[in-house]
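Since the structure comes first, as structure tokens, the remarks are kept for the end.
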Amino acid sequence: MNCIGERIRAIRKDANLAQKEFGARLAITQSHISGIELGKFAPSDSLLRLICLEYGVNEGWLKNGIGDKTDPFYNGENENDIEDTFLIAIEGIKELLATKSNVKRVYYSSLLQTCIILLMNNGLEEDKYILYLDELCGMFADFERIRSFLPTILRNDNNDKSETKNATTTIEQYAKMLAESFYSVVKIYKGES
């Protein structure tokens, strides 16, 4: 299997699914799957991540044919890891809300409520909702990347101007990606995606 389309076809065949059924689980059409399998066009990185998640496939194998085909994290062998991640998140939320500061507690509660609202399906069809969740994850990841570079810029003792410039450039790039993700979410709601 030299090309990504052949590897995607193999995943579909291993799952004993027709192109239409395979695509439906990924929120894409049968004709799109057909085009990818025939090498007419390349799948997006977002679609590749969805395939890995939905079908338990190793991303390195899917993209480049390198490594094992299956990924224990995605194929259900590590369901305890997913449950552990969820429990860690719940404990983190409890810790945040245990603060003695009413101001912080109000902000934390407001942010958590906003996250819950963002995660709710507000009338999107299931395929669009999956795309929406994928874009939302990308937005939060971009936001976290931006946040991780802020200390470099904000340090008072920073004498290395090139480090500050590089961090600023990186933040600008992630901010553009964040804006693009937000625009993608808008397009999903408008039915353009």
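The values are calculated or read from the model by the stated rules, or taken from the named source; none is laboratory data. Predicted model, so just to flag it, every value in this text is computed and none were measured. Note that we place each Cβ from the backbone using ideal geometry, even for glycine, and neighbour counts take in every protein chain shown.
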Just give me the residues in the range 165-193 being in a helix (DSSP H, G or I) and touching a Leu at 6+ places or on another chain (Cβ under 9 Å), in sequence order. ALA167, ILE171, SER181, SER184, VAL185, ILE188, TYR189
If I filter the range 42-77 down to residues being aromatic (Phe, Trp, Tyr) and at pLDDT below 85, which single residue comes out as surrounded by the fewest Cβ atoms within 10 Å (Cβ to Cβ)? PHE73
Top-ranked residue in the range 78-112 [being over 30 Å from GLU6 (Cα atoms) and β-branched (Val, Ile, Thr); ranked as modelled with the lowest pLDDT]: THR85
Which pairs have Cβ atoms under 6 Å, sit 6 or more apart or on different chains, and link a residue in the range 23-50 that is touching a residue at least 24 places away in the same chain (Cβ under 8 Å) to one that is among the polar types (S, T, N, Q)? ILE33/GLN19
Residue that is out of contact with any strand residue (DSSP E or B) (no Cβ under 9 Å at 6 or more places or on another chain) and modelled with pLDDT of 80 or more, where the choices are LEU136, LEU154: LEU136
